[in-house]
1. Would you calculate the separation in nanometres between label points at residue 5 and residue 227, each defined as 7 Å from the Cα along the Cα-to-beta-carbon direction?
2. Between residue 322 and residue 19, what is the label-to-label distance in nm when each label sits 7 Å out along the Cα-to-Cβ direction?
3. Compute the separation of the alpha-carbon centres of region 113-162 and region 315-331 and state it in Å as a whole number.
Amino acid sequence: MLGLLFLIGAALTSWVFGLSRLMTWLVLGVVWLAFIPISGQLGRLGGDSLQGWMVLGFLGLAVFLYQSGLRWIRGHVGPIEPETGETTAEAQAIPPGLSDPEIDRYARHLVLREIGGPGQMRLRDARVLVVGAGGLGAPICLYLAAAGIGHITVIDGDTVSLSNLQRQVIFRSDQQGQMKAAAAAANMAALNPHIAVEPVARALTEDDGSLIAAHDLVLDGTDDFETRSLVNRLCVRAKVPLLAGAIAQWEGQVTLYDPAHGGPCLSCLFPEPPARGLAPACAEAGVVGALPGVIGSQMALEAIKHLTGAGLGLRGRLLVYDGLYGETRMIGIEKRGDCPVCGSPLEAGPKAS
Ligand SMILES: [Zn+2]
């Protein structure tokens with residue numbers, strides 16, 4: 001009992017003095033060792049037995065080894081290293097392809113272990129399509145442009161109106177009446193002159209398969225089910241991953257639809273359009289101004305992760321954010337074999353019984 005108290009005391013002291021994990025285990029080990037002869041004595045006196053003390057020691061060792069093993073595994077499967085297999089030092093090296101102003105501009109990316117020089121070059125070589133320059137499109141376009149995505153296409157058939165300006169922060173008041181795609185492209189180019197921005201001032205149609213296929217990644221920030229289904233169908237057909245976000249009132253969600261790599265598509269989750277009135281657009285249901293900022297920024301962040309290979313993406317996971325209560329949940333989502341859009345024809349057929 002006395003030994004146990006000493007062990008707890010040692011652990012608390014290590015914690016108070018902020019000792020590292022290894023140092024804490026070392027201190028506990030020394031206390032344990034020091035009590036071996038004492039506990040032997042106590043055993044004869046009828047107190048702690050040596051046997052119990054040894055069992056405690058082995059349990060401690062097992063916990064230590066388990067923890068160390070977990071840390072080793074995390075360290076090896078954590079952030080995905082660049083595919084070319086460079087070491088961290090090489091990953092940080094500044095690639096010769098970046099000009100001095102670009103090195104200065106992207107300095108905070110270049111020092112990140114998960115992005116570095118090679119990651120920044122991947123962003124520069126990437127072609128990203130943003131569907132919808134609205135509430136979600138605004139932060140998406142701004143952050144993708146600022147991050148140095150080399151080629152951004154933005155497609156939107158709408159014009160800037162006064163009621164957009166409460167949340168669509170890419171536009172200025174004096175741009176009311178302009179085509180959203182053109183106004184957004186002008187402001188992105190003004191933010192970052194090193195990238196190419198291509199505005200497409202019309203709505204997406206069923207014939208836009210080649211437009212989708214010409215990009216590495218599509219971000220969908222539109223808010224009606226028909227357009228979202230259309231973007232999903234075209235992306236599945238072209239095998240282009242789709243980062244989709246949705247917002248209403250105080251709640252938003254983000255995920256990556258990538259059936260070509262085993263993830264689900266929009267239709268796996270929502271095979272049928274929602275009943276009329278169940279999923280009203282922002283114009284009817286309302287949306288709090290900063291919410292598209294949260295969800296759109298999250299989409300831009302996931303795009304940067306996807307293109308550079310950093311961290312763990314949202315394939316097979318739906319991130320749900322409740323702005324009213326400040327809560328975030330992660331929901332696992334799965335590809336459906338009988339999905340009418342991405343399911344394989346064999347699996348989609350009638351099941352033999
Ligand atoms: Zn599907």
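1. 7.1 nm
2. Going by the 7 Å Cα→Cβ label model, 4.2 nm.
3. First find each Cα centre; the distance between them is then 23 Å.
Just so you know, all these numbers are worked out from the coordinates, no wet-lab data involved. Computed from a predicted structure; not experimentally measured. So basically every Cβ, Gly included, is an ideal-geometry build from the backbone, and we count neighbours across all protein chains shown.
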